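Asker: Could you have a look at this structure, given as structure tokens, before my questions?
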Amino acid sequence: MARAEIAARTLRTDRWWLPPLTTFVGLLLISIYAAFRTFQGDFYWVDQYHYLTPMYSPCLTEECVPAAAHFGQWFPALPGFLTPPVIIIPFLLGFRITCYYYRKAYYRAAWASPPACAVAEPHSKYTGETKFPLIAQNLHRYFFYAASVLLLINIYDAILAFGTGVGLGNIILLVNVGLLAAYTLSCHSCRHIAGGRLKHFSKHPVRYWMWTQISKLNNRHMLLAWTSLIFVCLTDLYVALVASGTISDLRFIN
Amino acid sequence: MSYQGKFRVWRGDDSGGALEDFTVEVNEGEVVLDIIHRLQATQAPDLAVRWNCKAGKCGSCSAEINGRPRLLCMTRMSVFEESETITVTPMRTFPIIRDLVTDVSFNYTKAREVPSFAPPKDLAPGEYRMQQVDVERSQEFRKCIECFLCQNTCHVVRDHEENKEAFSGPRFLMRVAELEMHPLDTADRVDQAQDDHGLGYCNITKCCSEVCPEHIHITDNALIPMKERVADRKYDPIVWLGNKLFKR
């Protein structure tokens, strides 16, 4: 028996193309901004107030301004156009790329697989995440571990910046790590590791409690993914503007 | 308040078919299934439609309304503009029998491929005891009414007929998850999910969750946790080492 003979790719009458288009444009703009700032190699540290942009944290190469290298300059100066963030960006990018929310977002928006529900995808063959390279999406938890370490470093940076007083930059850095922490904790791998992998919650009440709390955050994973991503860029922009002298930091104390 | 609504309904069988235009009376408070019944009663007595409870609980009247997989009985006419032409078509993923009725036996085949609940051998029926917190994850999945809208909308089989053999679809991967998370089930479901039911085909684009009339979080609570369990088993050397060292 054959399927019903319906030639149209979809009979949806709503603007189904709008969410994937918005996602695509949003991710593209953020990628362009992040690439520009990564390879700019400047304006990442405000010496006067100890603001370090999260995009350059930790700064680990010899190019780093010594005061910004909170954990030392572990690596020699990088050749050519390479800048300090290229050491940490693969981990941050890996965490976002293998994230279960972002997978949905870019599979739909960038690969049209599918572009929207009940809208035919343009590909003649589909193997999903069964083969290389997409089978590597299973490495998400490793990127989660790495991102958690980087998050702790970002928190350390944000706290360190309070040593010079309190300004708008401090508040921005604090909100930024708060959003990053919420996004990282709401991760599906985190939910699984905290308690989801258990068969008997009743035998592990603490892990069950953690799982229920993370599940609440996990319900907002998409929201946290976008707000944390956009806020990282805004934080970086603020630090860049203050570091370049374009604007001055609004100080509350000292 | 009544008005004359414009409808386009797919009519045909496996030898061919087309969308046919109808104008049908619509009354306040009605759902799409009411209109299909009025169409049968007044203009197209041979129109085939599968339905039963008309309360969103039997899962029989699954179809596509304006291209979106929905239950005919749970789609209110009030969500449409009076001037709108409403298109009603059968589910695309399954072979057509006639008009709005499809052959959903693919799902029954896949259901039979999931090994049944396997309680501990020394536990007799009537002796099952379990904590509510342990069983409630599985209970969410028991809300499923088997309307197969998730199976219909999943692009893995909707757009790729050739994947039907390897991929069981969200409904039956959720069934595997239900058993895997059940506190008294002793069978090993993790390898089965990946190797026998094609969990790796799922790219978690969440259409199954979007169309579920029972609002089950299929992707977040069943498919992703199963993917994580597969990652534990197959792709996580740290868990493997931990299991070896601490004999968990």
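Asker: Could you sort the peptides A:135-143, B:40-48, A:212-220 by per-residue average Cβ neighbour count (10 Å cutoff), highest mean leading?
Answerer: Final packing ranking: A:135-143, A:212-220, B:40-48.
Asker: Please give every one of the aspartates and glutamates within straight-line cross-link reach of B:LYS164, meaning a C-alpha to C-alpha distance under 15 Å, and leave out same-chain neighbours fewer than 8 residues apart.
Answerer: Hits, sequence-local ones excluded: B:ASP103, B:GLU113, B:ASP195, B:ASP196.
Asker: On to the next question. Using Stokes-Einstein with the Kirkwood hydrodynamic radius over Cα pairs, what translational diffusion coefficient do you get for chain A at 4 °C and a viscosity of 1.567 mPa s, in µm²/s rounded to a whole number?
Answerer: 63 µm²/s
Asker: Sort by residue number and name the cysteines in chain A that have no neighbouring cysteine Cβ under 4.7 Å.
Answerer: A:CYS99, A:CYS233
Asker: If you average over every viewing direction, what projected area does the convex hull of the Cα atoms of the protein assembly as shown give, in nm²?
Answerer: Computing the convex hull of the Cα atoms and averaging its projections yields 29.8 nm².
Asker: In percent, how large is the relative contact order of the stretch B:105-246, given Cα pairs closer than 8 Å and 6 or more residues apart?
Answerer: Values: 152 pairs, mean separation 38.2, N = 142.
Contact order relative to length: 27 percent.
Asker: Report, to the nearest whole %, how much of the accessible area of the stretch B:105-246 belongs to carbon and sulfur atoms, 1.4 Å probe, protein only.
Answerer: For the stretch B:105-246, the apolar C and S fraction of the accessible surface comes to 54 percent.
Asker: Among A:VAL46, A:VAL25, what's the order by accessible area (1.4 angstrom probe), most exposed first?
Answerer: The most accessible residue leads, giving A:VAL25, A:VAL46.
Asker: Among the lysines, which have Cα under 28 Å from the Cα of A:LYS199 when same-chain residues fewer than 8 positions away are ignored?
Answerer: List returned: A:LYS104, A:LYS216, B:LYS110, B:LYS121, B:LYS143, B:LYS206, B:LYS227, B:LYS234, B:LYS244, B:LYS247.
Asker: A follow-up question, please. Ignore the peptide's own chain and count Cβ atoms of other chains within 10 Å of each Cβ in A:194-202; give me the average, rounded.
Answerer: Working: counts 0, 0, 7, 6, 3, 8, 7, 9, 7.
Mean partner shielding for this stretch: 5.
Asker: Using only protein heavy atoms and a 1.4 Å probe, how much accessible area in total is buried between B and A, to the nearest 100 Å²?
Answerer: 5100 Å²
Asker: Now for a different question. Give the list, by residue number, of cysteines in chain B with no other Cys Cβ closer than 4.7 Å, or say none.
Answerer: If one checks each Cβ against the other cysteines of chain B, B:CYS61, B:CYS73, B:CYS144, B:CYS147, B:CYS154, B:CYS202, B:CYS212 turn up with nothing under 4.7 Å.
Asker: In peptide B:151-160, how many Cβ atoms from other protein chains are near each Cβ within 10 Å, on average?
Answerer: 5
Asker: Classify the stretch B:105-246 as rounded, prolate or oblate, taking a ≥ b ≥ c as the square roots of the eigenvalues of its Cα gyration tensor: rounded when a/c is under 1.5, otherwise prolate if a/b is larger than b/c and oblate if not.
Answerer: oblate
Asker: Just read off the accessible area of B:LYS143 with the full protein assembly in place, 1.4 Å probe, to the nearest 10 Å².
Answerer: 90 Å²
Asker: To continue, here is another question. Counting partner chain Cβ atoms within 10 Å of every residue's Cβ in A:110-119, what's the average?
Answerer: 6
Asker: Still on this structure: Over the heavy atoms of A:ARG108, what accessible area does a 1.4 Å probe trace out, to the nearest 10 Å²?
Answerer: Its heavy atoms expose roughly 30 Å² to the probe.
Asker: Okay, next question. Points 7 angstrom from Cα along the Cβ direction at A:ILE253 and B:PHE246: gap in nanometres?
Answerer: In this crude label model, A:ILE253 to B:PHE246 measures out at 4.1 nm.
Asker: Give the residue from A:VAL86, A:MET55, A:LEU11 lying farthest towards the positive end of the charge dipole for the stretch A:11-87; charges sit on Cβ (+1 for Lys and Arg, -1 for Asp and Glu) and the dipole is referred to the Cα centre.
Answerer: Of the candidates, A:LEU11 comes out farthest on the positive side.
The values are calculated or read from the model by the stated rules, or taken from the named source; none is laboratory data. A quick note: this is a predicted structure, and the numbers were derived from the prediction, not measured. Glycine also receives a Cβ, built like all others from the backbone with ideal geometry; neighbour counts cover every protein chain displayed. Note: areas computed on protein heavy atoms with side chains; ligands, DNA, RNA excluded. Shrake-Rupley method; radii C 1.70, N 1.55, O 1.52, S 1.80 Å.
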